[in-house]
Amino acid sequence: MHRLLLIYSGYGRISLQKILLKDKKGMINLKLGAYYYDGWYEYRGNWRRRLLEEFDCRQPVWGWLGNSVENMEKQIDYAAKGGLSFFAFDWYYPEGGGEERGNNRCIDRYLQSRNAGLLEFCLLICNHQGAFIYYDTWKDACRRWMRFLTNEHALKVDGKPVIIFFSAYNIVEYLGGREKARECFDYLRDECVKAGLPGCFIMGCMGGQRGANGGTSLEKEQVWRDVGEKLYLDGFDAITGYNYHRTKTTYPDGSFSYLLPFDELAKDHELVWEGHCRFGKLPYMPCLTGGWDNRPNENPEKPEGFSCHSPDITPISLYKHILRCGEFQKQYKDKVLEDLAIIYAWNENGEGGFICPTKGFHNDGLLMACERAVEEINAEKQK
């Protein structure tokens, strides 16, 4: 009984918070989402000895396995209390068009959760690493997506359910080029119209333009313009990203380092925001970072596979990063996408990009930093 009362009280607080943060003048408040990776449904695939032994502090408070509705309900509750408004669930097309992959089941667990209404959701189509979608399999993929796009909790822009492609370049290439990609995108939009929706809002992820030291560069203005023009002509409605981590940082004397302070990683992301909004043609949804430290997945004996890692992330540094996103949205209010933003990630614990509460790594500090920052940004918009 006591536990039920606590849960009820928590939901009541969330509902009241959302009511209080509605803008009385019609402004849209920051809606911060997070990418959700479901590689934790069984002990296989992404699991590495280093993760379980050397980096066990990253273990979520509900344990490594998150393959139950009960666990999903806990995660929804944590996320909503932490200031998040939606999850973008990673979704992989099953090779050969067969049964759904195991790491797609998280979406059904979300839909079966009694507290699903606390968060909206959308799909991130992970069209890479063998999960490619071709022209001949597009309609089958659309058929699989429609039950999600028509769900009452689907994240929408202008009334249209949102769908994001992990690689904007790959989806166009594997569909057969620009004309066929536009044909396929229009087919999906038409299917949504047939279902009573005004269409489908299609976003593509793009990376940052790198400078000589591996960081993001704004110097090549035309490159940013070309990226925006290409995605516009390919038929996308907006641009976003998954993450913008570096492989390594190279210095003028030829030396290099794999250690990157989190503040520099955050700055890389913020420069990408600026590049797309200053020079791009399409609306942009800012992609924030919750860190990058992929050492659990790297082989210490094969440095050619290394990437920069930023283990020094703190709740304060993340809090400041999110506040800068709020300032950025004010500065580029005509180019950002309806005050939407997304963070990498809720639970990429293996890659070191996560804000979910853990048993050791800052515990719930990163999530509480999100809550505080979102509250401050939205409170500022009430003035």
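The values are calculated or read from the model by the stated rules, or taken from the named source; none is laboratory data. Since we're looking at a predicted model, the values are computed, not measured. Backbone-built Cβ (ideal geometry, glycine too); neighbour counts: all protein chains shown.
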Where L318 falls short, out of the listed (1) closer than 19 Å to I164 by Cβ; (2) crowded, with 24+ Cβ neighbours inside 10 Å: (1)
Leading residue by the ranking (nearest to T216 (Cα to Cα)) among those in region 258-289 that are part of a loop (DSSP other than H, G, I, E, B) and in contact with an Asp or Glu (Cβ under 8 Å, 6 or more places away or on another chain): P261
Reported set for region 39-67 where residues are touching a strand residue (DSSP E or B) at 6+ places or on another chain (Cβ under 8 Å), hydrophobic (A, V, I, L, M, F, W, C) and not in a helix (DSSP H, G or I) is W40, V61
How many residues does region 130-152 hold that are farther than 16 Å from Y110 by Cβ and free of Cβ contacts under 8 Å to residues at least 24 places away in the same chain? 2
Of all the residues that make up region 159-174, how many are more than 11 Å from M206 (Cβ to Cβ) and either at pLDDT below 95 or touching a helix residue (DSSP H, G or I) at 6+ places or on another chain (Cβ under 9 Å) (or both)? 8
Residues A80, A88: which one is of a type in the set (A, V, I, L, M, F, W, C) and within 25 Å of R144 (Cβ to Cβ)? A88
Some residue of region 129-140 being surrounded by fewer than 16 Cβ atoms within 10 Å (Cβ to Cβ), within 22 Å of G353 (Cα to Cα) and modelled with pLDDT under 95: yes
Please determine whether any residue of region 228-247 is without any contact (Cβ under 8 Å) to a residue 24 or more places away in the chain, surrounded by fewer than 14 Cβ atoms within 10 Å (Cβ to Cβ) and of a type outside the set (V, I, T). no
Would you point out the residue of region 200-256, among those that are among the hydroxyl-bearing types (S, T, Y), assigned to a strand (DSSP E or B) and more than 21 Å from R178 (Cα to Cα), that is modelled with the lowest pLDDT? T216
The number of residues in region 301-313 that are surrounded by fewer than 15 Cβ atoms within 10 Å (Cβ to Cβ) and outside any helix (DSSP H, G or I) is 3
Given the condition in a loop (DSSP other than H, G, I, E, B) and surrounded by 16 or more Cβ atoms within 10 Å (Cβ to Cβ), answer yes or no: does some residue in region 68-81 qualify? no
Would you call Y43 more than 18 Å from L155 (Cβ to Cβ), among the hydroxyl-bearing types (S, T, Y) and touching a helix residue (DSSP H, G or I) at 6+ places or on another chain (Cβ under 8 Å)? no
